[in-house]
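For reference, the structure discussed in these notes is given below.
The values are calculated or read from the model by the stated rules, or taken from the named source; none is laboratory data. As the structure is a prediction and not an experimental result, all values here were calculated from the model. All Cβ positions, glycine included, derive from the backbone under ideal geometry; neighbour counts span all protein chains shown.
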């Protein structure tokens, strides 16, 4: 794209999360002079690293699926091997409860749709009627036979597809909460259907689970940093942008100690920060008003360090009838004995202090694994604004990447990607911004 580079059209990317990194990488690949400005001392945004004793952990446990095509494409651009960062497993969902039998649904390493048929046939904890209705529903999803004329709650959608209240409680509510960070009774059916449509395609590999082998706070941000600067770009850390001056066909990004002029701006900040930066400009009033109505949902992650010999029978386990929802064995990350328990969405656990919450989670694990010793150390990480609340008709509040002012673009998992608030959605939003900027430059 030497023609693009030859015009020397410059772009400022504000925000070094995965959306901003994606935009900057794809622009740098095409020879566009790009400067990425990040307020924190490290890149990664909400997917960053924090210390825990003498080791580093992600500020929240992440899980990918094979349908994250944009994220996997970004790895290729950066020259990263998927197998070095992730370990693939066939779709496997196991739930355990201290109060009774659990539930298990595990796909086999077979071509689609046989992998799902084998999983449904071998499912434990479901009646034959529930298996039949589940298989019929997934078949309809896979074949594209479902159309939603209007958005309703995911719960109403599932009931209309003859999913039993028990199946909704055992399977769909945990999956909805994990993927949308919103309870099934409140969640958008359209967004939830999109998740299912991407996971249960005619490609078995799309439903595979990708477990990180390393902390994601450095897996992509560090190589992205190097890639941007190796391709005539620049990364500026520890500079919080407080104003964007919009001049004729030009933007000036300002922070406390300096400013930078550029032809285009990608605003890849959180919805709250985006609203603050757009608010001084009346032209953005419709956007800021919609962002003000975009609710946020929390995620808590409780890390518990046990002796190295302690481990799960599977990399991930669903927790039933308690506060914790999922537990991940971090042995794959080279951290044996370290468990990460995820609690998505709001709840009474938010009223507990860190000590009380850690003790409750440790007690729930002890009820499932009475032979485990007490954890040696714990750490609680609370992301109060982890994702947007994916309620019914939430897509009406999500802004497009193209803003009301030509040359200013919005990136982030909260923008109109059609996906929930995931790393895949963040990467997609940044990529879309870069692609549209390149199209304009070429014109």
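Quick notes on this one:
- Scan of region 419-443 for residues that are in a loop (DSSP other than H, G, I, E, B) and in contact with a helix residue (DSSP H, G or I) (Cβ under 6 Å, 6 or more places away or on another chain), ordered by number: 419, 420
- Meeting the requirement of 2 or more residues that are surrounded by fewer than 18 Cβ atoms within 10 Å (Cβ to Cβ) and without any contact (Cβ under 8 Å) to a residue 24 or more places away in the chain, the helices (runs of 4 or more DSSP H) wholly within region 115-231 are 128-142, 154-160, 221-230.
- Residue among 55, 76 that is surrounded by fewer than 16 Cβ atoms within 10 Å (Cβ to Cβ) and either touching a strand residue (DSSP E or B) at 6+ places or on another chain (Cβ under 6 Å) or without any contact (Cβ under 8 Å) to a residue 24 or more places away in the chain (or both): 76
- Flag: residue 28 matches the condition of being surrounded by 18 or more Cβ atoms within 10 Å (Cβ to Cβ) and either part of a strand (DSSP E or B) or modelled with pLDDT of 90 or more (or both).
- Flag if residue 56 is in a strand (DSSP E or B), under 22 Å from the mean Cα position of the chain (by Cα) and within 16 Å of residue 317 (Cα to Cα): no
- Being touching a residue at least 24 places away in the same chain (Cβ under 8 Å), crowded, with 21+ Cβ neighbours inside 10 Å, touching a strand residue (DSSP E or B) at 6+ places or on another chain (Cβ under 9 Å) and not assigned by TED's automatic domain parsing to the domain that holds residue 264 is a condition met by at least one residue of region 105-112.
- Considering region 59-71, and only residues there that are part of a loop (DSSP other than H, G, I, E, B) and out of contact with any helix residue (DSSP H, G or I) (no Cβ under 6 Å at 6 or more places or on another chain), the residue that is surrounded by the fewest Cβ atoms within 10 Å (Cβ to Cβ) turns out to be 63.
- Residue satisfying all of: in region 403-432; crowded, with 20+ Cβ neighbours inside 10 Å and either over 16 Å from residue 271 (Cβ atoms) or outside the structural domain of residue 287 (by TED's automatic domain parsing) (or both); nearest to the chain's Cα centre (by Cα) among these: 423
- Residues of region 406-418 satisfying the condition of being in a loop (DSSP other than H, G, I, E, B) and in contact with a strand residue (DSSP E or B) (Cβ under 6 Å, 6 or more places away or on another chain): 407, 411, 414
- Some residue of region 272-281 being touching a residue at least 12 places away in the same chain (Cβ under 8 Å) and assigned to a loop (DSSP other than H, G, I, E, B): yes
- For region 345-367, the candidate set comprises residues that are in contact with a helix residue (DSSP H, G or I) (Cβ under 8 Å, 6 or more places away or on another chain) and in a helix (DSSP H, G or I); within that set, the residue that is nearest to residue 311 (Cα to Cα) is 360.
- Residue match in region 296-310 (condition: in contact (Cβ under 8 Å) with a residue 12 or more places away in the chain, more than 29 Å from residue 43 (Cα to Cα) and buried (at least 17 other Cβ atoms within 10 Å of the Cβ)): yes
- The listed residues are 23, 47, and the only one of them that is at pLDDT 95 or above, buried (at least 19 other Cβ atoms within 10 Å of the Cβ) and touching a strand residue (DSSP E or B) at 6+ places or on another chain (Cβ under 9 Å) turns out to be 23.
- Identity of the residue in region 238-253, more than 32 Å from the chain's Cα centre (by Cα) and part of a strand (DSSP E or B), that ends up farthest from residue 408 (Cα to Cα): 247
- Only listed residue being on the phi > 0 side of the Ramachandran plot and outside the structural domain of residue 14 (by TED's automatic domain parsing), chosen from 79, 125: 125
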